[in-house]
Amino acid sequence: MIVPRPDRPVRETNAISAEHESRCMIFTGQDTARALKDPSEISELLKDEHNFVWFDLAEPTQADLALLQEEFALHPAAIEDAALVHERPKIEAFDGFRLVVLHAATVERAELVLHEIALFVGKNFLITIRAHPVYPLDEIERRWLARGTIPHTSTGLLYVILDVVVDGYLPVASAYDERLVALENKVLARRERDPEGVLREVSAFKRDLVRLRHAVAPVRDILAPMLRGELEPSGSGMTVYFRDVHDHALRVTDQIDSIRDLLNSTLDIHLSTEAHRQGEVSKQLTIIATIFLPLAFITGFFGQNFGWMVNHIDKAEHFWFIGVGTQLLAVVVLIGYFKRKGWF
């Protein structure tokens, strides 16, 4: 009986999932695989080392997990880790098998979606457990069942799964690369009327990059035992394939880091542009206030009720030449000064 931790629940239904039924394929050394209808036969089939079993579960129930533990003799702690959602990508060694947790990535409606996949890799079996949202197996099945140099073994299937998952990171990273270019063009063209909207977009962009990197970066550690040849028979030649997957994982990680650095540069440009725009507005307001300062002084000066002014400034010529004329002269002098300084 699998008892989940309170903060990490698994599904508690007792029936096999109707939406995604379990699938089991067995290879007996022939070129083609056959489906196994009765899962209770698995333990007997595994006694023959020439047989290889691939058992797949999508959104497993407690009954599914109990079946795995009984037929494949899996450790309860490994079953619990595989059943829990949001488990970090990792590889752990148990007696007779290894547990591998992967996070595949897709983009759906411009949103990053991570698909958690748990793998039990034994000598002559491999179990895939796909949590919600369920990652499709179409491409994995197509590559592995195709005639080629990849053997129908647990190591061969593990390579195909890792290869498909890592290859899936490339279009996701490219999509974010294109999104970054569009954001840069928008910032540099100053078409954005909502500066806070840019900050929100950059913040969401960064969160997606962090999530994607947390999915991609651990793949390098997961591949380390394969590169050391710990999972394959001597002379099988699978190390070369795993090294190719490792190179692709490094490439995607570097691409994500480059996008993150360029995103930070774009944010700096946006903040500098906004600061410059605010400085321009402040400069224009300062110019207007400075122009009106002498006008207010002149108006206030001639508005005082001094006796000399009352007795001597009483003609229309005095109003136009002394009153209005001094104000116009002040405006012309200030505009000329600002122009010479290059303030506008």
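Under a straight-distance cross-link criterion of Cα-Cα below 25 Å, which lysines are reachable from K47, leaving out those fewer than 8 residues away in the same chain?
The reachable lysines, counting only those whose Cα sits under 25 Å from K47, are K37, K123.
For region 45-66, list residues with backbone N below 20 Å from a point placed 7 Å from the Cα of K37 toward its Cβ?
In region 45-66, the label zone of K37 (backbone N under 20 Å from the point 7 Å along Cα→Cβ) covers 45-46, 53-56.
Pull out the extension gain between D177 and D257, defined as 0.36 nm times the separation in residues minus the alpha carbon to alpha carbon distance; nm, one decimal.
Separation in residues times 0.36 nm, less the Cα-Cα distance, equals 27.7 nm.
Checking the cross-link filter: which lysines have an alpha carbon closer than 29 Å to that of K283, excluding same-chain neighbours under 8 positions apart?
Partners found: K186, K339, K341.
With the crude spin-label approximation of a point 7 Å out along Cα→Cβ, what separation in nm comes out for E280 versus E317?
In this crude spin-label approximation the distance works out to 4.8 nm.
Figure the gain on full extension for I288 and E44 (residue separation times 0.36 nm, minus the Cα-Cα span) and round it to one decimal in nm.
Difference between extended and current length: 78.8 nm.
Throughout, read-outs are computed from the coordinates displayed, never taken from laboratory work. This one's a predicted model, so the numbers in the text were calculated from it and none came from an experiment. In this analysis, Cβ positions are derived from the backbone assuming ideal geometry, glycine residues included, and neighbour counts consider all displayed protein chains.
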